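The values are calculated or read from the model by the stated rules, or taken from the named source; none is laboratory data. Please read these numbers as outputs of a predicted model, since none were measured by experiment. When we count neighbours, we look across all protein chains shown, and the Cβ atoms used for this are built from the backbone with ideal geometry, even at glycine.
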Amino acid sequence: SGINTVLDYGCGYEPVLKTLLEREGYKTRGYDLNFFPNKELKKKYDLIISTETFEHIKNPGEELACLIPKISSKGYLAIMTRFYPSRDSNLCLESFSEWYYKRDPTHIAFYSQKTFSWVADEFKMKICYNNNFDFIIFQRK
């Protein structure tokens, strides 16, 4: 797979994913603004994975602009966050009012298929996996 180094971005106080990846032989580091700030962001990684973090980010475009250069050439960015309710690529505004994910007051940013297409275009990445629900993987071109 060509993946040796991994950054668990937004790993939290107990970096479970980081530990599991290390057990599988990956050289893994953890970064979290609240618990492990200013660490590990000077290196490049083959994979940066972020699980249930991006919905908490105040300025996701700025964050991505800082994060993507830390991905090695042909490396990957994997994001898990619940996607905004949609039907046939159209946002479902009527579903948003009842959407449980927005009830968490710390969830301040929401993402749709159009958002991820913009990310791919803006940062010269390609979408290599998308389950259209809560997980997407980009690859640097």
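Of the residues Leu64, Leu93, the single one that is free of Cβ contacts under 8 Å to residues at least 12 places away in the same chain and at negative phi is Leu93. Residue-level analysis places Ile71 among those that are crowded, with 19+ Cβ neighbours inside 10 Å and in contact (Cβ under 8 Å) with a residue 40 or more places away in the chain.
Taking residues in the range 11-25 that are at positive phi, and partners anywhere that are of a type in the set (A, V, I, L, M, F, W, C), the pairs with Cβ atoms closer than 8 Å and at least 6 places apart or on different chains are Gly12/Phe35. The residue that is nearest to the chain's Cα centre (by Cα), among those in the range 100-130 that are aromatic (Phe, Trp, Tyr) and either modelled with pLDDT under 85 or assigned to a helix (DSSP H, G or I) (or both), is Phe116.
Tell me whether the range 82-90 contains one or more residues that are surrounded by 14 or more Cβ atoms within 10 Å (Cβ to Cβ), in contact (Cβ under 8 Å) with a residue 24 or more places away in the chain and outside any strand (DSSP E or B). Spell out how you get there, then give the answer.
Filtering the range 82-90 for residues surrounded by 14 or more Cβ atoms within 10 Å (Cβ to Cβ) gives 82-86.
Pick out the ones that are also in contact (Cβ under 8 Å) with a residue 24 or more places away in the chain and you get 82-84, 86.
Next, from what is left, pick out any that are outside any strand (DSSP E or B): 82, 84.
Scanning the range 82-90, I find at least one residue that is surrounded by 14 or more Cβ atoms within 10 Å (Cβ to Cβ), in contact (Cβ under 8 Å) with a residue 24 or more places away in the chain and outside any strand (DSSP E or B), so the answer is yes.
Every test in (1) over 15 Å from Gly12 (Cβ atoms); (2) in contact with a strand residue (DSSP E or B) (Cβ under 9 Å, 6 or more places away or on another chain); (3) of a type outside the set (A, V, I, L, M, F, W, C); (4) touching a residue at least 40 places away in the same chain (Cβ under 8 Å) is passed by Lys58 save one, and that test is (2). Residue pairs whose Cβ atoms lie under 7 Å apart, separated by 6 or more positions or on different chains, with the first residue in the range 97-122 and in contact (Cβ under 8 Å) with a residue 24 or more places away in the chain and the second exposed (fewer than 10 other Cβ atoms within 10 Å of the Cβ), are Ile108/Lys58. Can you name every residue in the range 62-72 that is assigned to a strand (DSSP E or B) and either at pLDDT below 95 or in contact with a His (Cβ under 8 Å, 6 or more places away or on another chain) (or both)? Answer for the range 62-72, where residues must be assigned to a strand (DSSP E or B) and either at pLDDT below 95 or in contact with a His (Cβ under 8 Å, 6 or more places away or on another chain) (or both): there is none.
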